[in-house]
Amino acid sequence: MEWITTEGGPLIAVPESVLGAWKGAEDLEDEDGDVDEEAGDYGRACAVDDYAGVIDVGGTPALVLGDDPAPTVYLPEHSLFVRRLAADSEEAALAALGQALERAEWEESADWDVPGPVVLFDSAYSAEDLGSTGSLRMDLAPGCYRVESAYVEPDDDTWLVLIRLAAAEGA
């Protein structure tokens, strides 16, 4: 089980079919040589201020995991991203998952139309730089997913954000 981390920005799940269109934080210098982090692809990802949101990448929706640069794992058996805001360890975060799922009060974040497999990675990196950062390929079935999120404290030492993918109604 691989946890994906970020250097401070949001994570993004980009469909493989348009992965090459993601430029991350490349070319964020303006004409004066100053870095403008609100520009480009990375700036669009950073503009998502909810736990999850959808942005366009190469004409296809991509899922941004926003709000906090937390270590994240995807559990396909639950169609669930687990983001560890606080826990003694990755193992402790996963051990609290059952209780977290019982306590979760789900909020709908977005609908996400997925054409097939996606790659999760730090949004600051371009697709060309994925060899130098952690990434996770996820075999999602094509279709429309309802993205739901919940902040949960299953115990005093564990704080998690859960992001669940469910089949959208009528899909």
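What to note about this one:
- Cβ-Cβ under 8 Å pairs, at least 6 apart or on other chains, region 69-82 side modelled with pLDDT under 95, far side of a type in the set (G, A, S) and assigned to a loop (DSSP other than H, G, I, E, B): P69/G8; P69/G9
- Exactly one residue out of V64, V48 is modelled with pLDDT of 95 or more, aliphatic (A, V, I, L, M) and either under 21 Å from G116 (Cβ atoms) or within 12 Å of the chain's Cα centre (by Cα) (or both), and it is V64.
- In region 101-153, residue surrounded by the fewest Cβ atoms within 10 Å (Cβ to Cβ) [restricted to those that are assigned to a loop (DSSP other than H, G, I, E, B) and of a type in the set (G, A, S)]: A141
- Considering residues of region 57-82 that are on the phi < 0 side of the Ramachandran plot and touching a Leu at 6+ places or on another chain (Cβ under 7 Å) only, the residue surrounded by the most Cβ atoms within 10 Å (Cβ to Cβ): L65
- Residues in region 1-25 that are charged (D, E, K, R) and in contact with a helix residue (DSSP H, G or I) (Cβ under 6 Å, 6 or more places away or on another chain): K23 alone.
- The residues of region 84-100 that are outside any helix (DSSP H, G or I), among the charged types (D, E, K, R) and touching a Phe, Trp or Tyr at 6+ places or on another chain (Cβ under 8 Å) amount to a single one, R84.
- Enumeration of residues in region 83-114 that are under 24 Å from K23 (Cβ atoms), modelled with pLDDT of 95 or more and in contact with a Leu (Cβ under 9 Å, 6 or more places away or on another chain): W112, V114
- Remark: pairs (first residue in region 85-114, closer than 23 Å to G8 by Cα; second residue assigned to a helix (DSSP H, G or I) and at pLDDT below 95; Cβ separation under 9 Å; 6+ apart in sequence or on different chains) are absent.
The values are calculated or read from the model by the stated rules, or taken from the named source; none is laboratory data. Quick caveat: nothing in here was measured; it's all calculated off a predicted structure. Glycine gets a Cβ as well: all are built from the backbone with ideal geometry, and neighbour counts include every protein chain shown.
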